[in-house]
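**Student:** Pasting a structure below so you can have a look.
The values are calculated or read from the model by the stated rules, or taken from the named source; none is laboratory data. Computed from a prediction, not measured in an experiment: that's the story for all the values here. When we count neighbours, we look across all protein chains shown, and the Cβ atoms used for this are built from the backbone with ideal geometry, even at glycine.
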Amino acid sequence: MRNAVEKFTLELNKRGLRPSHQRIKILEYLTNNPCHPTAEKILSEMKKELPTLSKSTVYKTLNAFVEAQMLREITIENNEVRYEYNLIDHGHFKCEKCGLVYDFKIDFDILQFEELKGFKINDKNIYFKGVCKNCLTKDI
């Protein structure tokens, strides 16, 4: 536990962010829960441990992490922003039945698009929607 606090403190300092208790706890939550949570889910889960945590603090912290490029925002649906601590390029699959978002490996470097030659790509995202294998198995 202490090693995690030290690690997050160093990472926050390196990014120019003050390592407050709430910021460290939110980073710890994201590390331990790679489920692509929404801000609301983070707030409701963390309220159990930090009852005084406010919605404003969660949103401000998440925005600061995104701006510092410590966190990635994922918008698979227009009305739902999710967050993840995994910054390695990969794809996402959202199950339309259970709502879970799964990561999958993808080699973006082999993708070639003639129409984008000469462009500079700053962000790479591939999203699929459908029904996950767990939900398909339940339907049988």
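**Student:** What's the total number of residues in segment 1-20 that are without any contact (Cβ under 8 Å) to a residue 12 or more places away in the chain and either in contact with a Lys or Arg (Cβ under 6 Å, 6 or more places away or on another chain) or not hydroxyl-bearing (Ser, Thr, Tyr) (or both)?
**Tutor:** Residues meeting the conditions: 10.
**Student:** Give segment 94-121 a look and list any residue that's in a helix (DSSP H, G or I) and either within 24 Å of the chain's Cα centre (by Cα) or surrounded by fewer than 10 Cβ atoms within 10 Å (Cβ to Cβ) (or both), or say none.
**Tutor:** 108, 109, 110, 114, 115, listed by residue number.
**Student:** Would you mind finding the one in 85, 102 that is of a type in the set (Phe, Trp, Tyr), touching a residue at least 24 places away in the same chain (Cβ under 8 Å) and over 16 Å from residue 30 (Cβ atoms)?
**Tutor:** 102
**Student:** Now for a different question. Restricting the first residue to segment 40-61 and requiring it to be of a type in the set (Lys, Arg), which pairs with a second residue that is surrounded by 14 or more Cβ atoms within 10 Å (Cβ to Cβ) meet a Cβ separation below 6 Å and a spacing of at least six or different chains?
**Tutor:** 47/53; 55/43
**Student:** Report yes if residue 23 is among the basic types (Lys, Arg), touching a Ser or Thr at 6+ places or on another chain (Cβ under 8 Å) and within 27 Å of residue 129 (Cβ to Cβ), otherwise no.
**Tutor:** no
**Student:** Which of the numbered conditions does residue 124 fail, given that it passes all the others? Conditions: (1) surrounded by 10 or more Cβ atoms within 10 Å (Cβ to Cβ); (2) over 13 Å from the mean Cα position of the chain (by Cα); (3) modelled with pLDDT under 90; (4) over 30 Å from residue 18 (Cα atoms).
**Tutor:** Failing condition for residue 124: (4).
**Student:** Tell me, which helices (runs of 4 or more DSSP H) wholly within segment 1-92 include 1 or more residues that are surrounded by 14 or more Cβ atoms within 10 Å (Cβ to Cβ) and small (Gly, Ala, Ser)?
**Tutor:** So the answer is 39-46, 55-67.
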